[in-house]
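I have placed the structure first, in the form of C-alpha cells, so that the comments after it can refer back to it.
The values are calculated or read from the model by the stated rules, or taken from the named source; none is laboratory data. Given the structure is predicted, the values throughout are model-derived calculations rather than measurements. Methodologically, a virtual Cβ is constructed for each residue, glycine included, from the backbone with ideal geometry; neighbour enumeration extends over all protein chains shown. Quick note on the areas: whole protein, heavy atoms, side chains included, nothing else; ligands and nucleic acids left out. Shrake-Rupley method; radii C 1.70, N 1.55, O 1.52, S 1.80 Å.
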Amino acid sequence: MKNFIQHITLLFLIGFTAVVQSQSSLISDSIQSYIAKAEKLQEEYKYEESLEMAQAALKTAQYNNDDKSLGYIYNIIAKNYEINEDDHKARSNYWRALVHAKNSKSKTLETDLYNNLAQVYTKHNLTRVKGVDYYKKSYKYAIKLGDTARMIRPLLNLGEYYISRNDFDSAYEYLAPARKLIHEESSNLVKAKLNGLLGKYFLNIRRYIVAEEYIDQSISYSLGETKNKNNNDELISTYYEELAAAYETKSELYRKQLDYQKAYSFQKKQFQNILKAKDYKKLIELQRVNIKYEVDQYEEKIKKVESEKKESQSEVQKWRISIILGIILILISLAFLISSYKNNIQKKRLNGDLIEKNKELIGAKETAEQLSTLKSQFISTVSHELRTPLYGVIGLTSLLMENPEVKKKNEYLESLKFSGDYLLALINDVLQLSKIETNEVKLEKVSFDIRSLLEGIVNSLHTKQKSNKNTVHIDVDEKINTTLIGDSVRLSQILINLIGNALKFTKNGNIWITVKCLKNKTDSYHLRFIVKDDGIGIPKNKQQTIFDNFAQVKNENQEYEGTGLGLAIVKKLIHLHNSEINIKSLEGKGSEFYFDLTYEKAVKEQEISLQTRENLSIGTSNFNVLIVDDNKINQIVTQNILKKKGYTCDIASNGMDSIDMLKNGKFDLVLMDINMPEMNGLEATKVIRTFNTHIPIIALTAVEEGEIRNQALSVGMNDVIIKPYDTQQFFQTIMRNISKVKMA
Ligand code: ADP
C-alpha cells in the first residue's frame, strides 16, 4: 500500500514536470545574467566575484542539462586556471566548455573559446602552431557573427604573436584590420595594446613619427587607467606592463634616432613602470593564493555536482523502473480481479450445478443403499429357500448311496451328490461374501475350545482327507490351556476353507495345522494359525490373485472342484479381525497359509471344555430324538440319518405339536426347525423352556448360522446345526449336548 501511494505521488510529480519545464526558461534567464556578470567581472580581473557568480549558476545549469550555460561556466573556470598558470587544467576545461558550446550551437562562445584556447596553446613551443590556427578560427567565427569586439581580440593576439616572433609583415596583416575595427566603445586596454603594437610595427619599418604617435596614444590610454579607481590590482598591473612596453618601444625609437639621453630617460620610465606593475603583481600573488584555493574548491564542487547529477539520474531511473513495475502490478491486479470476478460468477454457476448434482447423487446413493439392502435380503432369502430343498436332495442322495443295492443300480447318484454339494458350497460362499461386503458380518464373542474346533473341522472334512489319502497333523501350542473368547464361527470358516484347500490340492501327502502362541498375556493369547501342505503349490505370479473373487489357478491335467470364492472370503474375514493372510508357496513343493489373531482367555470355561472333550467319546445309545420340521422330505432325511445310527425318532410338523409331544412323551433331545408355519421354532422353544429346562434343544435350520445363533441361544436353545450338514458333525453336536445333560 505504501508503495502504491508512492507511485501515485510520482505520477503527480510527472504531471508537475511540465509546469516545472516552463519555469526552467526563467531559471535559464537568471543563469545567463549570472554568467554575463561573471564574465564581466573576469574581464575586469575580479576573479573571486566572477567565480562566485559562476558557482551560483553551475548547479542549476547541471541540473537542467543547460549546455550553453555550462559552456560559459567552464570557460570562466578555465580562465581562472589559466590565470593561475595551470595551463593543463585550463586547456581541459576550455575543451569541456567547447563541447557544451558545440552542443548548444553557441557560436559566440565557440569564438571566445578558440581565442582562449589559442592563448594557452601559443604560450608553448610545441603547441604554438595549433594556437595560431585557433586564433584564426576565432577570428573567422567572429566575422561570421559580425561581432567587432570578438574580431579585434584574435587579431590583436595574432599581431602580438607575430611581433614577438619578429615577423612584422605577418603582424601587420592582423593589426591593420584591427585598427579599422577599433572604435569608441572598445576598452582602453585594447586601444593601448593595439597602439603599442602598431608603434612597434612602425618603428620596425623606421617610420619613427607615426610610431611615436601610436606609442604616445598607447601611453595616454594606459596612464589614465592606472589612475582609474574602478580598476583592480591585476588590471592596473597590466596597464603598468603596457606602459612599460610602450616606454621600451619609445626608448628604442630614440636609440634608433641616436638620441641616447631621451632613450635612457624612457628606459628609466620603462623600469619604473615594470616595478609598479610588480608591486601590483605582489598584491595579485597574494590574491592568487586565495583564488587557487577557490578554484580547487570549485573543482571539488563540480565533481560533487556531477556525481550528484549521476545519482539523481540513476534515482530518476530507479523511479522510472518503480513506476513501470507499479503500472505492471496494477495491470496484473486488475487482470486478476477481472478473472476472479469471472471465476466467481462461474463458481456460483458451478456451485448451483453441483448442488443439483449432489441432490441427484444423494438420491442415487439412497437408491443404491436400498438396492443393496434388498440385494442382501434377496440373497439371504434365496439362499435359505435354496438350501432347504438342497437338504432334501443331498440328504436323500446320501441315504441312497449308503444303500449298496440302489448304488449299484443307479450310477448317476455320484454325479447327483457332487452337483448337490457344489451348489450348496456356492450358495454358502455367495451368501457369505455378500454379507461381508455389505458390512453385515459383526464379530461375535463366544467361548470355544481351539482343540475341539480343529478336530471338528478335520473330522468334517474327512471325506476329502480320505479321498486324497492325506495325513493331517494337528499341533496346538501347550501354552494354550484355557478356552478362548472370540468369533469361533468365523474362525471355523477361515480354517475350513484353508484346510479344505490343502486337502484338495494335496495327494498322498501331509497337512500340518499348527497353532502357535506368539504372546501369552494374562488375559489374552496372540496366536499364529498355520495351514501347511506338501501339495501342488501355487505359482509365484498367482499368489496374490488367488485372493480375488472367483480366482482359480488353471491346471491342465487336474480338475479340482471349487467355487473360487474361498480365499476371497478368508481374506475378508481375517481383515474383519484387523489382520492379514500371508502365503508362502513353491510350485510342486507345497503351500503355507498363515495369519495372526488375538483371543481373550476364558478361564472359567476350561473345565467344561475338557469334560466335553472327554465325553465326546461316549458311544451312541438308544436316545430318543424329537424332530420338529414342517418339510416332509426333510423329516424323512433327518429321521433316516438318525435311525441309521441307532436313534429312535418322533416327528412333530410344527411348534405347537412339539410342545404337546414334549409334555406327554420322554425325549433325550429336540431337533427344532426355525421357519415353520403357525408357531416357529424360537417361539416353541420359549414355551418349552417354561416347563422343561433341561432337555437339549438344537436348532436345525437352513438359515445362516451367524444370523440365528444368538437368537437361538437367547430363547433357550443349546446349539445350532445348519442344513445341509456334515453327518459326522451332526452326530458330534447331538452327542455333545446329550452328554452335557447326562453328566450334569
Ligand atoms: P477354490 O474354491 O477354487 O478352492 P479358493 O479361493 O479357495 O477357491 O482358491 C483359489 C485358488 O487358489 C484355487 O483354485 C487354487 O488354484 C489355489 N489354491 C488355494 N489353496 C491352495 C493350496 N493349498 N495349494 C495349491 N493351490 C491352492
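Structure above, values below:
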| read-out | value |
| --- | --- |
| Packing-based ranking, highest mean first, of 666-676, 396-406, 146-156 given that Cβ atoms within 10 Å are counted | 666-676, 146-156, 396-406 |
| For region 210-290: span of alpha carbons on each principal axis (Å, largest first) | 47, 19, 14 |
| Only Lys, Arg (+1) and Asp, Glu (-1) charged, at Cβ; region 359-518 dipole about Cα centre in debye | 380 debye |
| Where Rh is the Kirkwood radius over Cα pairs, Rg/Rh for the chain | 1.72 |
| Label-point separation, Leu126 to Ala36 (7 Å along Cα→Cβ), nm | 4.1 nm |
| Region 71-110: translational diffusion in µm²/s, Stokes-Einstein, Kirkwood Rh over Cα pairs, 37 °C, 0.692 mPa s | 339 µm²/s |
| Thr648-Gln370 FRET efficiency (beta carbon distance; Förster radius 51 Å; 0.05 resolution) | 0.55 |
| Ranked order, Tyr34, Tyr264, Tyr525 - accessible area, probe 1.4 Å, largest first | Tyr264, Tyr34, Tyr525 |
| Accessible surface of the chain, 1.4 Å probe, proportion on carbon and sulfur as whole % | 53 percent |
| Accessible surface, the chain, averaged per residue in Å² (probe 1.4 Å) | 55 Å² |
| Peptide ranges 491-497, 164-170 listed from the most packed, as the mean C-beta count within 10 angstrom indicates | 491-497, 164-170 |
| Two-site FRET efficiency, Glu444 against Asn403, from Cβ-Cβ distance with R₀ of 35 Å, rounded to 0.05 | 0.30 |
| For the chain, calculated [θ]222 nm from helices alone, where every DSSP H run of n ≥ 4 adds -39500 (n - 2.57) | -24000 deg cm²/dmol |
| Restraint check, Lys180/Lys227; Lys464/Lys645; Lys68/Lys136; Lys46/Lys137; Lys68/Lys140; Lys193/Lys262, Cα-Cα greater than 25 Å | Lys180/Lys227; Lys46/Lys137 |
| Lys/Arg +1, Asp/Glu -1 at C-beta; the chain dipole; positive extreme among Asn578, Tyr240, Gly655 | Tyr240 |
| Heavy-atom SASA rank of Lys686, Lys723, Lys262, Lys180 (probe 1.4 Å, accessible area, largest first) | Lys180, Lys686, Lys262, Lys723 |
| Rounded accessible area of Lys318 (nearest 10 Å², 1.4 Å probe) | 120 Å² |
| Translational diffusion of region 394-456, µm² s⁻¹ [Kirkwood Rh, Cα pairs; Stokes-Einstein; 4 °C; 1.567 mPa s] | 87 µm²/s |
| Between helix 681-691 and the chain: long-axis angle, C-alpha atoms, 0 to 90°, nearest 10 | 60 degrees |
| Kirkwood hydrodynamic radius (C-alpha pairs) into Stokes-Einstein, region 110-178, 10 °C and 1.306 mPa s, D in µm²/s | 138 µm²/s |
| Extension gain, Thr60 back to Gln272 (0.36 nm per residue minus Cα-Cα distance, nm) | 71.6 nm |
| Cα-centred dipole magnitude for the chain, charges only on beta-carbon of K, R (+1) and D, E (-1), debye, nearest 20 | 2620 debye |
| Cα principal axis extents for region 150-221, largest first, Å | 31, 23, 17 |
| Spread of Cα-to-Cα distances over 5 Å intervals beginning at zero, given as percent, for region 616-735 | 2, 12, 25, 27, 21, 12, 2, 0 |
| Approximate shape of region 113-234 as ellipsoid semi-axes (Cα gyration tensor, √5λ), whole Å, largest first | 23, 18, 14 |
| Equivalent-ellipsoid semi-axes of region 331-403, from the Cα gyration tensor, Å, largest first | 65, 12, 4 |
| Rule-of-thumb Rg ratio for region 394-552 [Cα; 2.2 N^0.38 Å; N residues] | 1.22 |
| Within-13-Å neighbourhood charge of Asn631 [Cβ basis; K, R +1; D, E -1] | -1 |
| Mean shadow area of region 702-744, taken as a quarter of the surface of its Cα convex hull (nm²) | 3.3 nm² |
